[in-house]
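Below is one structure, written out as structure tokens; the observations come after it.
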Amino acid sequence: MEEVYGIKYTKPEVVLLQDTGIGVAETAARTCYDSFSNSENLVIKNLETQMPDDGMLCELNAIDDSALLDDLAWTYFHHSILEHANLSFLIRGTSRGVLQEHARHRIQAISVRSTRYTMSGLINAFVASHQGGGKEFFIDTVLTYDMFVVSDDAYNRLEIGAMYDKLAFQKQIVKNFYAISVAKSSLPFLEEFVGDSAKLYKALQAGKKKRNVGDAFKHIISDNVKVDMVVTFNLRSLKNYFTLRDSGAAFFQIQWLAQAMMNVTPKKYLDLIIKKKNV
């Protein structure tokens, strides 16, 4: 947790899901120069005279160091070779504001927790709040979701209250509000649990979820909302990402994410993309 401009924020969590190794990148470079015999890695030397079998591929993907790649990265700046190494990260608890920043990085594969399919709890809480609980029921319920990067409950109550007001406005002007917010099989619950917000909410949560419910209600959420995602970068793009996003000029939340990603990136990759400091 960290305080910025008087507001406390939680920081994202990151795990490296998989990495493809640097052996393929050196193989690509050796292919360009037809210099397999010059490698310090025996398995790459052997590629000059034979196609790799399964055992050789395991050795290739276990390579931790490459003098050629270091030369190409830091002496000749031949960074296209780095595109043959890929890393995938699982990210939890960053913000939609960071997601917007991520969209500016062209070369990445990104899969994000969908608001189209994951807003049913919010909408169920709002629908249930109209059976006696009111706005406070909605706020208290949503506050338990841990859905914001801001960690101040007082601030988040304001945020959730604004979400309620947006939904209340929409409910007034949309005639078929319940039809777009509640699964057809759950509509009878609205009559069964009249006057009891808690029981109606529990029933709606246990019932069938409305498909694509977020399509109608995405407008209620802000950049404060947490998102989870899996991102895959090739090493050249990751170099660009770390250079730009670990900079003090970057949005502070994406700096936190870049630093967390860097912390789980193995040294063999960092040595090729992060400038070594003189000791």
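The values are calculated or read from the model by the stated rules, or taken from the named source; none is laboratory data. Because the structure is predicted, anything quoted here is derived from the model rather than measured. Quick reminder, even Gly has a Cβ in these numbers, built from the backbone with ideal geometry, and neighbours come from all protein chains shown.
Yes/no matrix, rows are residues, columns are (1) part of a strand (DSSP E or B); (2) buried (at least 18 other Cβ atoms within 10 Å of the Cβ); (3) assigned by TED's automatic domain parsing to the domain that holds GLN255:
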residue	(1), (2), (3)
GLN18	yes, no, yes
GLU26	no, yes, yes
CYS32	no, no, yes
LEU60	no, yes, yes
LEU90	yes, no, yes
LEU99	no, yes, yes
ARG106	no, no, yes
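The single condition from (1) under 33 Å from the mean Cα position of the chain (by Cα); (2) within 24 Å of LYS275 (Cβ to Cβ); (3) at pLDDT 95 or above that GLU40 fails is (1). Take the conditions (1) within 28 Å of ASP228 (Cα to Cα); (2) touching a Gly at 6+ places or on another chain (Cβ under 8 Å); (3) among the aromatic types (Phe, Trp, Tyr); PHE137 misses just one of them, which is (2). Among all positions in the range 230-240, there is no residue which is part of a helix (DSSP H, G or I), at pLDDT 95 or above and not assigned by TED's automatic domain parsing to the domain that holds VAL24. Take LEU72 and decide whether it is out of contact with any Pro (no Cβ under 8 Å at 6 or more places or on another chain), surrounded by 12 or more Cβ atoms within 10 Å (Cβ to Cβ) and either under 30 Å from TYR155 (Cβ atoms) or not assigned by TED's automatic domain parsing to the domain that holds GLY214 (or both). Judged against the criteria, LEU72 is a match.
Filtering the range 144-192 to residues that are of a type in the set (Lys, Arg) and surrounded by 13 or more Cβ atoms within 10 Å (Cβ to Cβ) leaves ARG157, LYS166, LYS171. Among residues of the range 81-99 that are within 24 Å of SER222 (Cα to Cα), those with a Cβ under 6 angstrom from a residue that is charged (D, E, K, R), sequence gap 6+ or separate chain, pair up as ARG92/GLU13; ARG92/ASP228; GLY93/GLU13; GLY93/LYS226; SER95/ASP223; ARG96/ASP223; GLY97/ASP223. Assigned to a loop (DSSP other than H, G, I, E, B), without any contact (Cβ under 8 Å) to a residue 24 or more places away in the chain and surrounded by fewer than 15 Cβ atoms within 10 Å (Cβ to Cβ): does that describe ARG116? Answer is no for this residue. When PHE217, PHE242, PHE251 are checked against the criterion of being touching a Gly at 6+ places or on another chain (Cβ under 9 Å) and of a type outside the set (Asp, Glu), PHE251 stands alone in meeting it.
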